[in-house]
Amino acid sequence: MKVAVVGCGYVGLVTGAGLASLGHDVGGIETDQERRRGIAAGLPPFHEPQLPELLAKQLAGGRFRVSADLGDTADAEVVLLAVQTPANEDGAIDLQYVESAADGLAQVFAARPARRVVAVRSTVVPGTVDERVAPRFPGPDTAVASNPEFLREGSAVEDFLRPDRVVVGCHEPWGARVLEELYRPLGAPVVVTTPATAELAKYASNAFLATLISFSNEIARAAEGIAGVDVEDVLRILHDDRRLSPVVDGSIVRPGILSYLKAGCGYGGSCLPKDLSALLAARRVAGAEHPLLEAVRAVNDGQPARVVDLVEDALGEVRSRKIGVLGLAFKGGTDDVRSSPGLRVVDELLRRGAEVIVYDPLVGEDALRAYDGRVGFARELEALLDEVEAAVVTTNAPEFSALDGDRRAVIVDGRRFLPPDRLRESDRAIGRGPVNSA
Ligand code: UDX
């Protein structure tokens, strides 16, 4: 099929290259010239395993190309909207890029009438497709749909190629059929529903993950108050519940969801924090209250301060002390620092007057531009450890699991990533009660 993907950011590029690999003829539309040049040369503008190889192959095979001209969507049977949906200051979703892309498409289509499906791939609050996008395409030729992505950074290509399900929210049966056809080569179940159901399902999915993480952090709070109790032991017992870890063919299966039932320094990234805030803001406008989800967010907002409390528990006041932060990305395996718990720990340390040095295996010094030289940057983990009195682990970057007892710095494990036997008595960990008095 002929497909256009408007917006070649994270979601658009993975989707575009992925669809090309299924045999479709895909044109990406990207307004940023530098980004376009990189993509045309096979260089994605962000770190994502498997994507450079996938992109290069599709470019070479002529199944994927990128341009700046929205007019190039005229031949497409399916146009996917994958533009950014940033947050306003109050956390509400800013739909201006979705709306202006839809306006642009409506003009292109008016000049070249044909049957097409426009599907919103960006995460948008329930009602967006029906109330903000569909009215821009009033004729019977265009079916408007919601087609949310469920891609995790670090495994986005794999997630695209092996989805749990493809969700298609579309009122017109013919539009839903076109999208089913588009994804048929994946062999995944396709859920056809209404646009608003599809939109809310995406928010529900991310709100659920956020809730599990904040729940775990709440249990960690309780554990920290009790001598000899470690949240890891407590949650492992929870994981053993057969409803969470079923026995299949005589073996215990540990579903991936269990890794979100784990205490740490809070969730981050480009999706979980933003999506929860966008949903709450939209619901507030509708006059609705959601105390559980508000609490999920409040627990998360409090985590960086709790991690720094652990540093002060070990060292005393951090003012004028040299403290290291290990991990600037929002999780291991990515260079994305958006809403990163590590950066929030940096902010809290600075607020309390500490001297901060950071290290991340994938993030460069550029990520610290906003700090105007107030934060030190180490190129090597060992160099940082030699300099600081304490080092806070904030991500599950594989390198951090190798930290051993042969070091001066106190370790504060904010991600519960180190094996417990690597933690010395002087070290601290989120969710671990006082060790001595056990
Ligand atoms: C998330 C959703 O998982 C994905 O389905 C959706 O499409 C976009 O948002 P992503 O933002 O890449 O994907 O992050 P994810 O891997 O889910 O991590 C989110 C937060 O949860 C991070 O702060 C991470 O550190 C934490 N996390 C992640 C865990 O606590 N445990 C895990 O196993 C994975």
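Computed values, structure above
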item	result
Where a residue in segment 305-318 is over 17 Å from Gly264 (Cβ atoms) and its partner, wherever it lies, is charged (D, E, K, R) and part of a helix (DSSP H, G or I), with Cβ under 6 Å and at least six apart	Val318/Glu312
Filter result (in contact with a strand residue (DSSP E or B) (Cβ under 7 Å, 6 or more places away or on another chain) and over 19 Å from Thr334 (Cα atoms)) within segment 348-377	Leu349, Leu350, Ala354, Glu355, Val356, Ile357, Val375, Gly376
Any hit, segment 378-390, residues being modelled with pLDDT of 95 or more, in a strand (DSSP E or B), closer than 30 Å to Pro86 by Cβ and in contact with a strand residue (DSSP E or B) (Cβ under 6 Å, 6 or more places away or on another chain)	no
Every residue from segment 256-286 that is more than 11 Å from the ligand (Cβ to nearest atom) and either more than 26 Å from Gly302 (Cα to Cα) or surrounded by 13 or more Cβ atoms within 10 Å (Cβ to Cβ) (or both)	Ser277, Ala278, Leu279, Leu280, Ala281, Ala282, Arg283, Arg284, Ala286
Pairs, first farther than 18 Å from Leu385 by Cα in segment 358-369, second of a type outside the set (S, T, N, Q) and not in a strand (DSSP E or B), C-beta under 7 Å, six or more apart	Ala367/Leu328; Ala367/Val337
Selected residue [over 24 Å from the mean Cα position of the chain (by Cα), surrounded by 13 or more Cβ atoms within 10 Å (Cβ to Cβ) and of a type in the set (Lys, Arg)] from Arg242, Arg321	Arg321
Search result, residues across segment 396-415 that are among the charged types (D, E, K, R) and either in contact (Cβ under 8 Å) with a residue 60 or more places away in the chain or under 22 Å from Pro304 (Cβ atoms) (or both)	Glu399, Asp413, Arg415
Count of segment 155-169 residues which are among the acidic types (Asp, Glu) and either modelled with pLDDT under 95 or within 14 Å of Thr15 (Cα to Cα) (or both)	2
Criterion violated by Ala110 - all others in (1) among the hydrophobic types (A, V, I, L, M, F, W, C); (2) in a loop (DSSP other than H, G, I, E, B); (3) surrounded by fewer than 17 Cβ atoms within 10 Å (Cβ to Cβ) satisfied	(2)
The listed residue being away from the ligand (no atom under 16 Å from the Cβ) and touching a Pro at 6+ places or on another chain (Cβ under 8 Å), out of Val157, Val129, Val118, Val166	Val129
Residues within segment 412-438 that are closer than 16 Å to Glu399 by Cα, at pLDDT 90 or above and not β-branched (Val, Ile, Thr), tallied	6
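The values are calculated or read from the model by the stated rules, or taken from the named source; none is laboratory data. Small disclaimer: the values here were computed from a predicted structure and weren't measured. Methodologically, a virtual Cβ is constructed for each residue, glycine included, from the backbone with ideal geometry; neighbour enumeration extends over all protein chains shown.
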